[in-house]
1. Let me check I've understood the local charge: for residue 6, count other residues with C-beta under 9 angstrom from its C-beta, Lys and Arg +1, Asp and Glu -1. What total comes out?
2. Inverting the mean 1/r over all pairs of different Cα atoms, compute the Kirkwood radius of the range 15-165 and quote it in Å.
3. Quick check for me: using +1 on Lys/Arg Cβ and -1 on Asp/Glu Cβ, what's the dipole size of the chain about its Cα centre, in debye to the nearest 20?
4. Sorted by mean Cβ packing within 10 Å, highest first, what order do the peptides 76-86, 223-233 take?
5. Which whole number in µm²/s is D for the range 1-75 by Stokes-Einstein, with the Kirkwood Rh taken over Cα pairs at 37 °C and 0.692 mPa s?
6. Within 15 Å, Cβ to Cβ, of residue 160, how many net charges do the neighbouring residues add up to if Lys/Arg are +1 and Asp/Glu are -1?
7. Add -39500 (n - 2.57) for each DSSP H run of 4 or more in the chain, then divide by its residues: what number comes out at 222 nm, to the nearest 500 deg cm²/dmol?
8. Exceeding 23 Å between C-alpha atoms, which entries from my cross-link table qualify? They are 250/277; 111/189; 243/277.
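Nothing in this text is a laboratory measurement; each read-out follows from the coordinates by a stated rule. Being a predicted model, the structure only gives us computed values, none of them experimental. Positions of Cβ are backbone-derived with ideal geometry, glycine not excepted, and every protein chain shown enters the neighbour counts.
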Amino acid sequence: MAGGEYLGFNNATFLSEREAADRNYAIGFYMKENKCYPEKANLKDIMDFYFQMCSLEVNCETVGVMAATLANGGICPITGQQVIDTHSVRDVLSLMHSCGMYDYSGQFAFKVGLPAKSGVSGTTMIVVPNVMGICLWSPPLDAYGNSVRGVQFCEELVRVFNFHHYDNLRHTTQKRDPRRQKYETKGLKIVGLLFSAASGDVTAMRRHYLSGMDMGQSDYDGRTALHLAAAEGHLECVEFLLKVCGVDHKPQDRWGHTPLDEAHAFGHADVAEFLEKWESMRDEDIHIESGGRHPRKLNPTDKNLFD
C-alpha cells in the first residue's frame, strides 16, 4: 500500500501504548460484551494488533502514497497493484468521513466534506476520491487533537476547488475544477456564450461578460456570438455585443461570412440596418483618425445612437 516508501516500527511506542491503554481496554470489553467481535476472537491479541498499528513509523511520502491508493480504488499508484478490495476502500473512506477527525469529525464533514484521518503527531491524511491523496504534517494541535494548519488547509482547499462531497460539479461556477482539462473548460464556456447569443438570452450574455470572458471568441467554424445573434435576428443581443462588449463588428467565419451577411441571408432587416449603420459609423471614425483628427466621442450604452 505504501508503494515501497519508508515504513518502520517503534517498539518503545508499542510498549508505552500497551501500558497506558485502560480506556481502550474498557471500550474493547464493552464491544466484546455486545458481541462486536467474531466468535473465539482473543481480545488481548486484538488490542496488541491495534497497539502495533499505532506504533508504525511513516513519513509524508508514505502516507501520501497510502492516501493516493485509497483515492485510486485500492490500486497503488506506484506499483499499479490492487492492494485493497474496492469494497474495503469504500468502507474505509466512509469511516474516515464520519469519524476520522476525532470529536471534530462532524464539523469537518460539514465544512470540508472529504474523508480524512488525523493523528496526534500533527499528521493529516486527506483523500479526494478518484482524484488524489494528500498528507500534511504540522505539529501544532487544536483542542480536538487535530493539526491546526491541516484543518485550515482542508477548508481552504474546498473553498478554491469543488472537492467538497456535495459540491455541484456542473453549476459551482465560483470554484475551479482541476479534473477538467483546460480545453474542455474553455469549450464549455464558448458553447454557453454562443447558445446564449443564438437564443437571445441577454441576461446570460451579461453574466459571461461580467465574468471577464472574451465575447469575441468563436467556435471551430469561426462563428462568433455576433454571427449567431445576427442570424437569429436578436437585435438586443447584437446591440449589447457591439455597444457594451465592443466586439469586432465584421468578423469572418470559415466561409467568409460576416454578421451583416447573416442578417441579410436570414431576412432580419432591423438587424441588418443596425449593423450597416454601425459599420458606416466605425468606418467614419477610422477615416477621421487617419486624417489626424480625434474621433467623436460615443456613448456605447446609448440606445438612441442611431435614432
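1. On the way: positive: none; negative: 5, 57, 61.
Once all neighbours under 9 Å are counted, the net charge is -3.
2. Numbers: mean 1/r = 0.0598 Å⁻¹.
Result for the range 15-165 stands at 16.7 Å.
3. Numbers: 31 positive and 40 negative charges, 149 e Å.
That gives the chain a dipole magnitude of about 720 debye.
4. Working: 76-86: 13.8, 223-233: 24.7.
Those peptides, ordered most packed to least, come out 223-233, 76-86.
5. Details: Rh = 14.3 Å.
For the chosen part, D equals 230 µm²/s.
6. Details: positive: 111, 159, 175, 176, 179, 180; negative: 155, 156, 167, 177.
Result for the local shell: +2.
7. Numbers: 13 runs with 148 residues, N = 307.
Calculated from helices alone, the mean residue ellipticity at 222 nm is -14500 deg cm²/dmol.
8. Working: 250/277 12 Å; 111/189 29 Å; 243/277 13 Å.
The answer is 111/189.
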